[in-house]
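Derivation of every value follows stated rules applied to the coordinates shown; laboratory data play no part. Everything numeric in this text was worked out from a predicted model, so none of it was measured. Cβ: placed from backbone, ideal geometry, glycine included. Neighbour counts: every protein chain shown.
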Amino acid sequence: MIEVKNIHKTFGNNHVLQGISAEFYEGKCNLIIGGSGSGKTTLLKCMVGLHQPEEGSVIYDGRDFTRMNFQSRIEIRTEIGMLFQGSALFDSMSVEDNIMFPLNMFTNQSRKEKLERANFCLERVNLSGKNKLFPAELSGGMKKRVGIARAIAMNPKYLFVDEPNSGLDPKTALVIDELIQELTVEYGSTTVVVTHDMNSVMGIGENIIFLHEGKKWWEGSKEHIAETDNKELNDFVFASKFMQALKK
Amino acid sequence: MIFHPLGKYILLLKAAFRRPEKWNIYRKEIVNEMVSIGVGSLGIIAIISLFLGAVTTVQTAFQLVSDFIPKSVIGMILRDSSILELSPTISSIVLAGKVGSSISSQIGTMRVTEQIDALEIMGINSPGYLILPKIIAAVTMVPLLVIISIGLTIFGGYIAGTASGALTAQEFTDGITSDFNSFTLTVSMVKAVAFAFLITTISAYQGFYTSGGALEVGQSSTKAVVISCIAILFSDYVIAQLML
């Protein structure tokens, strides 16, 4: 489980996160949702240590990440897998080398073992045989899947996903969502997904946190999201004509 | 105004020199960078060195129109100016343009496409992984390039001098072999190592702290080249003042 307690983050005069506290549960898809500029990605980056919050703490299974030294942080980071919005694959490496990269850095496995693991991860994301391709040769959806394969290479305890469906067609987006959910169950990982895609919310949102203007506005599950009388959440969820029609 | 970036630069270097996670991965990266910086720059260094030597010889011959000065002095002047100034400084300025802009845009692109964030998330010391191999490769390869450049500058001077009739082959050989002070080579190598360090670290710094998109990557690359060139010329003066 990951707990965030009273997180504050400011950029210049912009107080992006204003005392957010939340819990993210093991074996569940925990979604952080909200409009653009609500602080979703900033919260995610504070959780993984890419941003240092001015106040508050992030606790990974009782271990306070925000107050750790460099070496202890590395230990936690080897338990983290992350899929970035733009996939963030290493351009100079093939698909196979991208997946094997964390294994090369942090394990003493033989090349054969690492290759087997890379092939397993690729098979898991339905990209068998694409080992030798380079990121520039992949479509957006394939890049995301390679990003997931790299994220799960080290059997992560914590899986972070930033906007998994951005730039993807609805069908590919669904495949990615299902994959994230399957992997969460398979690895029993604490999965945190940042999204503003309502299909994802209704599909995999087991624990949903809604951010608005840097504050936690609502918390619940996909079953309760449509019934809420929270005005800001309703405005967000039923912003599209399709969702409005669905509500009627 | 200068203290904030200087502090960030020093902290980045401190992080870059942290103990590597796995030396064999770094070794591989160092070899790749050596090929990229060293072998990749050989062509341009060879071309500029040949022409520098040729131009220096022809212009020195033009200025030394006196019966009291032996023509072999042209070879001597070419040798010393090549070892002390032309090869280390001009080569390094060219390398700042070629290698520096490449380092800055490579690291800058990695920054804006979140590849550096991905390294950090994996628990990898990104300044160490990205910058240290480049520094080691550059401080190894740039002195070698400078040595090659010295040889080719003198060769270019020989060709131009003898072909234009400014001096004979014997006069040229007499010039480059007389009164040679080997300390000039030491100064040249100190300059090469210092310039290599400055080019890689300044360019890496500019790339590492890029934010935004393609436009900012281009701006970082330009700044890397400009600041590297100024740093090279400034340190050139400091080294000359201290060592000569």
(Q) Given an 8 Å cut-off on Cα distances and at least 6 residues of separation, report the relative contact order of region B:158-244 as a percent. (A) 27 percent
(Q) Report the Cα centroid-to-centroid distance between region B:213-235 and region A:201-248 in angstrom, as an integer. (A) 47 Å
**Q.** Within straight-line cross-link reach of A:LYS130, aspartates and glutamates at Cα separation under 17 Å, skipping those fewer than 8 residues along the same chain
**A.** A:ASP91, A:GLU96, A:ASP97, A:GLU116
Q: Rounded to the nearest 10 degrees, what's the angle between the helix B:3-16 long axis and the longest principal axis of chain B, both from Cα atoms, 0 to 90?
A: 80 degrees
**Q.** Residues of type aspartates and glutamates that A:LYS241 reaches as a straight line, Cα spacing below 19 Å, ignoring anything fewer than 8 places off in the same chain
**A.** A:ASP169, A:ASP197, A:GLU227, A:ASP229, A:GLU232
(Q) Can you compute the charge dipole magnitude of region B:31-243 about its Cα centre, using +1 on each Lys and Arg Cβ and -1 on each Asp and Glu Cβ, nothing else charged? Give it in debye, rounded to the nearest 20. (A) 140 debye
Q. For chain A, what is the mean residue ellipticity at 222 nm derived from helices alone (per DSSP H run of n ≥ 4: -39500 (n - 2.57); sum divided by total residues; nearest 500 deg cm²/dmol)?
A. -11500 deg cm²/dmol
Q: Select from A:LEU183, A:LEU211, A:LEU50 the residue whose mean-square fluctuation is largest in a Gaussian network model of chain A (Cα-Cα springs shorter than 10 Å).
A: A:LEU50
Q. With springs only between Cα atoms under 10 Å, which of A:GLU23, A:GLU223, A:GLU206 fluctuates most in a Gaussian network model of chain A?
A. A:GLU223
Q.
Please give the Cα centre distance for region B:132-208 versus region A:57-99, rounded to the nearest Å.
A. 44 Å
Q: Select from A:VAL146, A:ASN199, B:THR186 the residue farthest towards the positive end of the dipole of the protein assembly as shown; place +1 on Cβ of Lys and Arg, -1 on Cβ of Asp and Glu, and compute about the Cα centre.
A: B:THR186
Q: Taking a cut-off of 20 Å between Cα atoms, list the lysines near B:LYS134, but don't count ones fewer than 8 places away on the same chain.
A: B:LYS8, B:LYS14, B:LYS22, B:LYS28, B:LYS98, B:LYS191, B:LYS223
Q.
With an 8 Å Cα cut-off and a minimum separation of 6 or more residues, compute the relative contact order for region B:31-243 in percent.
A. 38 percent
Q. Among residues other than B:ALA96 whose Cβ falls under 15 Å from its Cβ, what is the net charge (Lys/Arg +1, Asp/Glu -1)?
A. +3
